[in-house]
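So the structure is just underneath, and the comments pick up after that.
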Amino acid sequence: MTESALRDVVIVGSGPAGLTAAVYAARARLAPLCIEGLQRGGQLMLTTDVENYPGFEDGVMGPDLMDRMKKQAARFGTEFLQEDVVSVDFSRRPFTVRTADAEFRSRAVIVSTGASARMLGLPSERKLMGRGVTTCATCDGAFYRDRVVAVVGGGDSAMEEANFLTRFASRVHLLHRSDRFRASRIMLERAQANPKIEFHPFREVTEVLDGGTGKVTGVRLKDVKGGGTEEMKVDGFFLAIGHVPNTRIFEGTLALDANGYIECRPDSSYTSVEGVFACGDCVDHVYRQAVTAAGMGCRAAIDAERWLEAQGR
C-alpha cells in the first residue's frame, strides 16, 4: 500500500456537497484531494432532468451538472481519485484515510459520502431509474403534471411524497405490502383525506413495466393477501421506502444518530472529532436536495479552512 505526502484536506465523496467543498477548499489554496468513490457524483448521476438547481433556466441533466462541478473544482487545483475509501483512522493526527491501494494522511477531512435511497431490488427498477422511476417527489413531481403516478411505501415519507405529488398528478396510487402503516397518525390521516390519493394495501411491486418504450408505463403487482397478480398503468413510479446514509465506515469513529446519520454541532459542519467535518446527505435527512447539499459543502470547506488557520496552517 502506497502512502502519500501529508495533505491539508481530504474530501471523501463527490456529490454536490463534496464537489462544492472541493471548489471552496481549492480556491483557499488548500490543494484538496477528493476521493470520489467508484460510483462518483452521488445520486444526481441517476437523475435525468434537473430543473430546480439555480442558474439553469432550461434545466440540466444530472450527470452534466456533476461533470461541470467537477471541472470547476479541478480548475482551481483539486486532485481527484476514483476509488472507494475502505477505512479511516481519526484517533490520532494527522488523520489517515485508506483506499484499497493507498493511504492518505491529512490534517483535516471533509466527509460527504451522501445517502442511498432504499430500493426494491428489481432489475426493471434499476433499468428505468430516471426514466419514470424516481426517489424524490420534490425533485421530479413537476414532470408529472396531469399524469397518473404510483408511490410505494408506508411511512411518513410515503405519505408526504404522495400528498406533494397531488399538486401535479391527476391521480396518486399508494402501494403498500400490508394494511398497517408506519406513518404517524396525522400524516396517514392527511393522505387518506386527500381525494387524489388511492390506497392499495397488500400490494407488492414485482416489476416496473415500460411496454418496450424505455419509459415507465405501469407496474406489475402481487396481491400479498389473496394471491394473483395485476398490472396498473402509471406514468411515474416513486420509491418512498427510506434512505440509508453511507456512513458505515465511520461507525465507532464519528458520532452517528440512531439512523446512522453523522451528528454535527448546531449550525456547523464540525463532527464529534475535531478537524473532521461533514456535509450533504450523510448529515441531512430532512431536505436531501442538491442545492442544500452544495450549501453544506461550502460551509464545511469554510469551517475546515478556519480550523486549519487556527491550528497555524
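The values are calculated or read from the model by the stated rules, or taken from the named source; none is laboratory data. Because the structure is a prediction, the values reported are computed rather than measured. Every residue, glycine among them, receives a Cβ derived from its backbone with ideal geometry; neighbour counts consider all protein chains shown.
Here Phe199 does not fit the description of being without any contact (Cβ under 8 Å) to a residue 40 or more places away in the chain and either under 25 Å from the mean Cα position of the chain (by Cα) or crowded, with 19+ Cβ neighbours inside 10 Å (or both). Beta carbons closer than 8 Å, at least 6 apart along the sequence or on distinct chains, never pair a first residue in region 69-93 that is under 12 Å from Ala31 (Cβ atoms) with a second that is polar (S, T, N, Q). Considering Leu33, Leu6, the condition of being in contact with a Phe, Trp or Tyr (Cβ under 7 Å, 6 or more places away or on another chain) and of a type outside the set (Lys, Arg) is satisfied by Leu33 alone. Being farther than 22 Å from Val85 by Cβ and not assigned by TED's automatic domain parsing to the domain that holds Asp146, is that true of even one residue in region 272-287? For region 272-287, residues farther than 22 Å from Val85 by Cβ and not assigned by TED's automatic domain parsing to the domain that holds Asp146: present.
Taking the stated definitions as given, is Val86 loosely packed, with under 14 Cβ neighbours inside 10 Å, in the same structural domain as Ala21 (by TED's automatic domain parsing) and hydrophobic (A, V, I, L, M, F, W, C)? Here the answer is yes, as Val86 does meet what is asked. Residue check: Arg288 meets all listed conditions (1) at pLDDT 95 or above; (2) buried (at least 18 other Cβ atoms within 10 Å of the Cβ) but one, namely (1). Filtering region 219-244 to residues that are out of contact with any Leu (no Cβ under 8 Å at 6 or more places or on another chain) and buried (at least 19 other Cβ atoms within 10 Å of the Cβ) leaves Val234, Asp235, Gly236, Ala240, His243. Of all residues in region 222-242, none satisfies being of a type in the set (S, T, N, Q) and in contact (Cβ under 8 Å) with a residue 24 or more places away in the chain.
None of Asp156, Asp210 is of a type outside the set (Val, Ile, Thr) and either modelled with pLDDT under 95 or not assigned by TED's automatic domain parsing to the domain that holds Lys233 (or both) except Asp156.
None of Ala108, Ala115, Ala162 is in contact (Cβ under 8 Å) with a residue 40 or more places away in the chain, surrounded by 24 or more Cβ atoms within 10 Å (Cβ to Cβ) and under 19 Å from Val219 (Cα atoms) except Ala162.
Of the residues examined, Leu175 is one that is surrounded by 13 or more Cβ atoms within 10 Å (Cβ to Cβ) and in contact with a Lys or Arg (Cβ under 7 Å, 6 or more places away or on another chain).
Here Thr213 meets the list (1) closer than 22 Å to Lys127 by Cβ; (2) hydroxyl-bearing (Ser, Thr, Tyr); (3) touching a strand residue (DSSP E or B) at 6+ places or on another chain (Cβ under 7 Å) almost entirely, failing just condition (3). When Ser184 is tested against (1) modelled with pLDDT under 95; (2) buried (at least 16 other Cβ atoms within 10 Å of the Cβ), exactly one condition is not met: (2). When region 251-262 is filtered for residues that are surrounded by fewer than 23 Cβ atoms within 10 Å (Cβ to Cβ) and touching a residue at least 12 places away in the same chain (Cβ under 8 Å), the ones remaining, listed by number, are Thr253, Leu254, Ala255, Asn259, Gly260, Tyr261. Of everything in region 291-313, what is within 16 Å of Ala31 (Cα to Cα), out of contact with any Ser or Thr (no Cβ under 6 Å at 6 or more places or on another chain), surrounded by fewer than 24 Cβ atoms within 10 Å (Cβ to Cβ) and in contact (Cβ under 8 Å) with a residue 60 or more places away in the chain? Give them in sequence order. Within region 291-313, Ile302, Glu305, Trp307, Leu308, Arg313 meet the criteria.
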